[in-house]
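Data first, discussion second: the structure below is written as structure tokens.
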Amino acid sequence: MSGALRVGLIGAGWVTQYHLQAWQKLAGRADIVAIADPSVENVATRADAFGIDKRFSGAQAMLDGCQLDAVDIAAPRAVHAELVRLVADRGIPVICQKPLAPTLVEAEILARDVEGRIRLMVHENWRFRDYYRDAAGWIRDGRIGEITAARLMLVTSGTIKDSNGQYPALVRQPLMRNETRMLVAEVLIHHLDTLRMLLGPLDVTAATLTQTCTEIAGEDGAVIQLQSQGGAGVSLFATFAAHGAPPAQSDRLDILGKDGAIRLEGNELQLFGAQPETRSYDLAASYQGSYDATIAHFVEALASGAPFETSPKDNLQTLRLVEDCYRLSGRDNRP
């Protein structure tokens, strides 16, 4: 393709502010030329802030009214499959927010339906955070040796009332309130995917999911046990209902190897072993940077023809872990 890609954005909700900032950084290579969302107010807010001229109340109207080279789907996960199919009927490449569909079965059917028809990438940005990319580099370079164990923790007070009587997690993302599959399907899907990126293929061996907050439909606590192909034990511990914890999300990671270890805590990533190293990060910049890197990867792969790192085939592996968490926990409730 010559000239800048003409990109349409489907969705104008909370997350799209980060998508649009990432697209802005690619101005001249790829430009958002249209936006569609049923909320006229949300469309106006995003379009005014980012200088988008073409505004639509629905995806079909946008596709009919614009000539597009790519589409970014950032709508709720319940409509991902129908939107991907709608765009696939036009033969237009798509980057779609995680997950491809609410359940593994739906995602498998969708992946089969569009395979060979369009180029499709899943927008799974957590693994693109700079500190996780650095940790992956250390592992790839053999600096901690064979991995023996790993632990990833996410502890917040997001579903505990704050001093204003509000639930911080629901203020930030109101959609969480009505999700019957909340913590694992909406949040920990990122962490499961990142652990796969760092450690290779994983299997869930046990999972306990709990609900503390009565204002949400789904779980807000999880203890998940996994195992790597090399036999390393891996644990994922998460709760949004920890008194005394900050409301903001922050990961704590430990990866143990025979020759060293990696630790992420707060904004600091440490390497222990023969050649110790410490790196510090601006967490706000890292958050936006993960969107920047994900969308840049999409554009670069479209231009070069290279495979997407987070292809549908890859994302299905993460969705299998999500499905196993619900099945093994006994909370096999459908969304």
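Read-outs: derived from the displayed coordinates by stated rules, not from any lab. Being a predicted model, the structure only gives us computed values, none of them experimental. Reconstructed Cβ throughout: ideal geometry from the backbone, glycine too, with neighbour counts over all protein chains shown.
Computed from backbone phi with θ = phi - 60° and the Karplus coefficients 6.51, -1.76 and 1.60, the 3J(HN,Hα) list for the stretch 243-256 is 4, x, 8, x, x, 6, 7, 8, 8, 10, 10, 10, 10, 9 Hz; x is used for glycine and proline. Extension gain, Arg327-Thr210: 0.36 nm per intervening residue step, less the Cα-Cα distance, totals 40.8 nm. Centre-to-centre, using Cα atoms only, the stretch 208-228 and the stretch 1-70 are separated by 35 Å. Using 0.36 nm per residue and subtracting the Cα-Cα separation, the extra length available between Ser57 and Asp141 on full extension is 25.4 nm. Within the same chain, aspartates and glutamates fewer than 8 places from Lys25 are excluded, and of the rest, those with a Cα less than 19 Å from its Cα are Asp48, Asp53, Asp69, Asp72, Glu124, Asp130, Asp282, Asp292, Glu300. When +1 charges are put on Lys and Arg Cβ atoms and -1 charges on Asp and Glu Cβ atoms, the dipole computed for the stretch 64-145 relative to its Cα centre reaches about 300 debye. Between the listed residues Ala101, Ala27, Gly11, the Cα displaced farthest toward the positive end of the dipole of the stretch 5-123, a dipole computed from Cβ unit charges relative to the Cα centre, is found at Ala27. In this calculation the C-beta distance from Glu265 to Gln288 is compared with R0 = 30 Å, giving a FRET efficiency of 0.90.
By the rule of a C-alpha distance below 30 Å, with chain neighbours fewer than 8 residues away ignored, the lysines paired with Lys161 are Lys98. Residues Tyr167, Tyr132, arranged from fewest to most other Cβ atoms within 10 angstrom of their Cβ, appear as Tyr132, Tyr167. Selection among Gln67, Tyr131, Asn267 by position relative to the dipole of the chain gives Gln67 as farthest towards the positive end (Cβ unit charges, Cα centre). Evaluated with a Cβ-only charge set (Lys, Arg +1; Asp, Glu -1), the stretch 5-123 carries a dipole of roughly 280 debye about its Cα centre, given to the nearest 20. Taking every C-alpha pair closer than 8 Å and separated by at least 6 residues, the mean separation divided by the residue count of the chain gives a relative contact order of 19 percent. Each helix, a run of at least 4 DSSP H residues, gives -39500 (n - 2.57); summed and divided by the residues of the chain, these come to -10500 deg cm²/dmol at 222 nm. Our estimate of slack between Glu82 and Val223, defined as 0.36 nm per intervening residue step minus the Cα-Cα distance, is 47.5 nm. A dipole drawn for the stretch 259-333 from +1 and -1 charges on Cβ atoms has a positive end, and of Ile295, Pro276, Asn315 the residue lying farthest that way is Asn315.
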